[in-house]
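S.K.: Handing you a structure now.
Coordinate-derived values only; no laboratory data. Note that the structure is predicted; figures quoted are calculated from it, not measured. All Cβ positions, even for glycine, are placed from backbone atoms using ideal geometry, and neighbour counts span all protein chains on display.
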Amino acid sequence: MIPFFPLTLTFFGLTSEYKAPLLEEVWICTQYMKNMTYTDVLSMPTYERRFFIGQLTRDVNKQEEQMEKAKEQNQGNNGKGSRTKKISGDALKTRMKNGDVPLK
C-alpha cells in the first residue's frame, strides 16, 4: 500500500542547501543591526528577516551614493584646497612668527 501523504526528509527540517543562506542572513543581522541576537534573528519569520536585510542594503547604498557625491565635489577643487588668497612665503613666515597663523 502506498502512503497517502509521503513524508520526505525536508518535512522534518531544513535541507543543507537552505542552512547556509539562513546562517548568512543571521550573521548579517547580528553584525550590522543594533541589539539583534542570534536567537532573535533565528526566531523571526523569513519575510521579516529579509525585510530588515533589504532595509540595511538600501541604507548602505544611500551612504555610498552620498560619499560618491562628496568625492565628486571635492575633485572639483583639483585637490588644491579651497583657499581664496595667495600669500608669499616670506609673508607667511612673518605671520607665523607674529602668531597670526596657528602652527597646528
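S.K.: What's the extension gain from Ile87 to Lys62 if we count 0.36 nm per residue and subtract their Cα-Cα distance?
M.R.: Going from the current span to full extension adds 5.0 nm.
S.K.: Using 0.36 nm times the number of residues separating Thr94 and Ser43, minus their current alpha carbon distance, what extension gain do you get?
M.R.: Contour length minus the Cα-Cα distance gives 11.4 nm.
S.K.: Once fully extended, how much extra length lies between Phe51 and Lys19, figured as 0.36 nm per residue of separation less the alpha-carbon to alpha-carbon distance?
M.R.: Difference between extended and current length: 9.7 nm.
S.K.: Local charge sum around Leu22 (other residues, Cβ-Cβ under 15 Å, Lys/Arg +1, Asp/Glu -1)?
M.R.: Local charge sum for Leu22: -2.
S.K.: Let me ask another. Express in % the proportion of alpha carbon pairs of segment 16-74 at distances exceeding 19 Å.
M.R.: For segment 16-74, the fraction of Cα-Cα distances above 19 Å is 39 percent.
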